[in-house]
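A short worksheet on the structure shown next.
The values are calculated or read from the model by the stated rules, or taken from the named source; none is laboratory data. Only a predicted model underlies this, so the values are computations on that prediction, with no experimental measurement involved. Virtual Cβ from ideal backbone geometry, glycine too; neighbours counted across all protein chains shown. Side chains included, ligands, DNA and RNA excluded: accessible areas come from the protein's heavy atoms. Shrake-Rupley method; radii C 1.70, N 1.55, O 1.52, S 1.80 Å.
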Amino acid sequence: MSTLIEDRGSAATTGAEGIFAEVLADVLRVDRVSVDSHFFDELGADSLVMAHFCARVRKRGNLPSVSMKDIYRHPTIRSLAAALADVAPSSPKSSVTAAIEAATPTSTLEYILCGALQLLFFLGFCYVAAVAAGVGYEWISAGSNGVDIYVRLVLASVAAFLVVCTLPILAKWMLIGRWKPEQIRIWSLAYVRFWIVKTLIRSNPCALLFVGSPLYVRYLRALGAKIGPGVVIFSRRVPVCTDLLTIGAGTVIRKESFFLCYRAQAGRIETGTVTLGRDVFIGEKAVLDINTSMGDGAQLGHASALHSGQAVPDGERWHGSPAQRTDVNYLRVASARCGTLRRVSFCALTLLLVCLVYLPLMEGSVELLVAVAPSLNNVLNPGLATNAGVVTSRDLIIGALVVSLLFFFGVVLVGPLLVFTVPRVLNLFLKPGTVYPLYGFHDRVHRVITRMTTIRFFLHLFGDSSYIVHYLQALGYHLSPVDQTGSNFGIAVKQANPFLCSVGTGTMVADGLFLVNDEVSSTSFSVSRASIGRDNFVGNDVVYPAGGRTGDNCLLGTKAMIPLDGKVHEGVGLLGSPPFEIPRSVERDSRFDHLRTGEALRRGLAAKNRYNLRTIGLFLFARWLGVFLVTVLDLAAFELYGAYANVPMAALFSLSLLISALYYALVERCVAGFHSLRPTICSIYDPQFWLDERLWKVPALEYLHAFDGTPFKNVIWRLMGVRIGRRVFDDGVHISERTLTTIGDDCVLNTGSKIQCHSQEDGTFKSDRSTLGVGCTIGVGAFVHYGVTMGDGSLLAADSFLMKGEEVPAHARWGGNPAREM
């Protein structure tokens, strides 16, 4: 396209209009553009093109800084120039005014020493665990009969559980004392103490078993948190610097919210306060940065964030990222009677279930594995039985093979049957719209339904294929009639109650959808239907609550906040938090529409289904082989119990984690054929997209969090194809396309952050490289999209969304959803 007719005689009338027109024409590669032409509808631009336009405008230095939100709100040059007429022009060195605090230097020597100390701690922990496991096994095995063995199993399990739960508390008070606002240089000796305490707190079973109950609140109090009565915390994001956390009575913190009381930034850990008054409400996937506060009766909506220094006054309601005042009421369920007796009985029953059923079952399974597995070879091959009870390597391998096959494929076959039947029966006891008190029978039923229907293994197994639709329907989703595309849902879908989830015909969901169809207060809960309309496209990491004000034919952008008030949005797109309207689609996204109908769709879908079946087979084989390798090591460890002071046993236990890391890194490279991905724009029926889906599904990434905050995480990322620099601090980032990502030296990646080098919109897949310069910081829960470049020393604030194609200047501070210069 070399020229574009400047229609309607709309020549530029101001200097800003003329420069804007000149820059946009250059980006579009045309001779000239009309100042009254719509960027998307008439000029055929898309968000990626306009992101490049914004970047070039910022580089000019004699124009106001333009953000993508400005582009969508004012989609012509004339309206854009008029809206920014009163905004002061940015200078070429505007990054100086937005500069972040100088980075704290780190050294390679400290980096290596820190890694060595972390490794020693891990090996020591494994040694103590190995000795304790061996002693416990011997004591349990000495039982005289079945009843005696069960009693010993319960006592040993309870003792181990108490020790594991108490250890983080003791370590925190011994190594740290009381947390206070401070800065800790990353990789220093002070950081090692911080990391030990953080790792023990996050891996504590209290954080997994007791979330949402008064027992979890008591655990946080033991760690130093100041928490009032009647507080309910449903988030599994465990706060670390607990002495800096204050929560008033009756406060509710919903799922997936961050309130860590620390953040990593520019070479240092910064700790700070999070203060919540009485009867505060915090919605799903909210982020509270350090040095934030909320007054009595205040509310923070879902998919919202308080940036450092923000304070919500008493009784006010805020939402957005960064949050701003709103009139929406996010506490939408009436209270109920929920006294002390109900809370105490709930805790008592929970402890009984954990101590008498859950822990003995888990530990008993391990004991049975150790006792039975080595003898399986004798059962299968009686003529090759070993003498004097000596177990050979052949015995171990055959035993591990049989046990891993029975365990793994037993779960694969029996698991779905339980998931499909038990929640369906339990759901008969819940009525939509009825308010139930917390900590009663109905509450426990609701929790069991949620936990059983959100098992990640089965979602990974069926996601990104045609079969996810049948799986979700079996769970209870209302999807009929289904317009099958082969990519209706990704591998991460969550909900509170699947029997109250509806997704309309023709709707596609990228990944990370969280359907919130329960309402919770500090004393009560209720369930209600969450419905997404027809012909929608839902981007990544979208929280969709019951009562969301969207209808048919909507584009719900990545990390978009779904509104609960105002008109019902139809035929448009929504982006940002708080959300604003954008075009539903652009010309670039319709180039592959001919492949989504008729015979072309039939052939493409059939080929995709065949490819996805092979992917599912690879997924099962890779996961089983991983289980088999770990089983071999663990059985060998138990066989070496007592030899050389149990050092071999501890070494093999610790080696299990290392082998898992190396194994899945190798799986990643093998699936990709030892080649790097290429930036592409293609249909979802193109084999290039199918390969990306396979790379999202087959390699297991869950184990990576065991390496968070250590130098070893960077080694694993390199093995998986990430171009990563020296001394990078990774506290829990997710990288979806490893070989398209470049991370410079001394970058800081916070927990819950994400670097995603792709986008899937309707039937079109797009991917490109993203590059982080030296010393960049990605905040807690922040999202970096594809085609992004962050300059050296730049910072992206917590819970921000850096859109595709954006260019962040060096040493600049950006934030918000969508992100812009702050």
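Look at the alpha carbon pairs under 8 Å that are at least 6 residues apart: their mean separation over the length of the chain gives a relative contact order of 10 percent.
Amide H contacts of Ser524: Ala336, Leu438, each under 5 Å away and 5 or more positions distant or on a separate chain (H built 1.01 Å from N in the peptide plane; Pro and chain starts excluded). Scattering from the range 207-337 was approximated by placing one identical point on each alpha carbon and applying the Debye formula without solvent; log10 I(q)/I(0) at 0.15, 0.16, 0.22 1/Å stands at -0.63, -0.72, -1.40. When only Cα pairs below 8 angstrom with a gap of at least 6 residues are kept, the range 773-822 shows a relative contact order of 34 percent. Averaging Cα coordinates gives a centre for the range 397-471 and one for the range 236-296; these two points are 31 Å apart. Antiparallel beta bridges, as assigned by DSSP with both residues in the chain, represent about 30 percent of the total such bridges. Of the chymotrypsin sites (Phe, Trp or Tyr not before Pro) found in the range 9-81, no site is in coil according to DSSP while having at most 13 other Cβ atoms within 10 Å of its Cβ. If you model the chain as an ellipsoid using its alpha carbon gyration tensor, with each semi-axis the square root of five times an eigenvalue, the axes come out at 46, 30, 29 Å, biggest first. Membrane-span-like helices in the chain, defined purely by DSSP H runs whose alpha carbon atoms cover 24 Å or more axially and whose average Kyte-Doolittle hydropathy reaches 0.0, are 108-141, 146-175, 393-426, 598-639, 647-671.
Counting only residues at least eight positions apart within a chain, or on another chain, the aspartates and glutamates with an alpha carbon under 14 Å from that of Lys172 are Asp243.
Paramagnetic label reach from Ala810 (point 7 Å along Cα→Cβ; backbone nitrogen cut-off under 19 Å): within the range 730-748, residues 742-748. In this calculation the C-beta distance from Leu406 to Leu175 is compared with R0 = 45 Å, giving a FRET efficiency of 0.60. Taking the Cα centroid of the range 699-738 and of the range 25-62, what is the distance between the two, rounded to the nearest whole Å? Cα centroid of the range 699-738 versus Cα centroid of the range 25-62: 37 Å apart.
Phi-derived couplings, Karplus 6.51 cos²θ - 1.76 cosθ + 1.60 at θ = phi - 60°, listed residue by residue for the range 521-526: 10, 6, 10, 8, 7, 8 Hz, with x used for Gly and Pro. When you count the other C-beta atoms within 10 angstrom of each residue and take the mean per peptide, 316-328, 743-755 line up highest first as 743-755, 316-328. From the square roots a ≥ b ≥ c of the eigenvalues of the alpha-carbon gyration tensor of the range 535-644, which class results: rounded (a/c under 1.5), prolate (a/b over b/c), or oblate? Oblate is the answer for the range 535-644, as a/c is 1.5 or above yet b/c matches or exceeds a/b.
In this structure, the amide hydrogen of Val516, modeled 1.01 Å from its nitrogen in the peptide plane, lies closer than 5 angstrom to those of Tyr544, Ala546, counting only residues at least 5 positions away or on a different chain. What the Cα atoms of the range 77-220 give is an Rg and a Dmax of 25.8, 88 Å. Taking each DSSP H run with n ≥ 4 as -39500 (n - 2.57) and averaging over every residue of the chain yields -12500 deg cm²/dmol at 222 nm. Computed from the C-beta positions of His38 and Ser144, the FRET efficiency with R₀ = 60 Å rounds to 0.10.
As an exercise, use a Förster radius of 56 Å and the Cβ-Cβ distance of Thr340 and Tyr467 to find the FRET efficiency, rounded to the nearest 0.05. After rounding to 0.05, the efficiency reads 0.70.
Couplings for the range 560-570, taken from phi via the Karplus curve 6.51 cos²θ - 1.76 cosθ + 1.60 with θ = phi - 60°, read 5, 8, 8, x, 10, 9, x, 5, 7, 7, 9 Hz in order; Gly and Pro are left as x. For the chain, the solvent-accessible area works out to 39 Å² per residue, with a probe of 1.4 Å and every protein chain left in place.
Excluding residues fewer than 8 places away in the same chain, name every one of the lysines whose C-alpha is closer than 17 Å to that of Lys255. Within the straight-line limit of under 17 Å, Lys255 reaches these lysines: Lys285, Lys494, Lys559. Here the contact order of the range 530-677, divided by its residue count and restricted to Cα pairs under 8 Å and six or more residues apart, works out to 11 percent. Rounded to whole numbers, the Karplus 3J(HN,Hα) couplings from phi for the range 807-822 are 10, 8, x, 4, 6, 8, 10, 10, x, x, 9, x, 6, 8, 4, 9 Hz, using 6.51 cos²θ - 1.76 cosθ + 1.60 with θ = phi - 60°, and x at Gly and Pro. Beta bridges from DSSP with both residues in the range 399-551: antiparallel share about 30 percent, rounded to the nearest 5.
Computed extension length for Ala607-Leu351: 87.1 nm, one decimal, from 0.36 nm per residue of separation with the Cα-Cα distance subtracted. Taking 16 Å as the cut-off, the amide N atoms of the range 313-357 that come nearer than this to a point 7 Å along the Cα-to-beta-carbon line of Leu155 belong to 356. Restricting attention to the range 515-573, close to 30% of DSSP beta bridges with both partner residues there are antiparallel.
By the gyration tensor of its Cα atoms, with a ≥ b ≥ c the square roots of the eigenvalues, what is the shape of the range 395-457: rounded for a/c under 1.5, prolate for a/b over b/c, or oblate? Cα axes put the range 395-457 in the prolate bin. Residues whose amide H lies under 5 Å from that of Asp799, counting only those 5 or more places away or on a different chain, are Val780, Gly781, Ala782; hydrogens are built 1.01 Å from N in the peptide plane.
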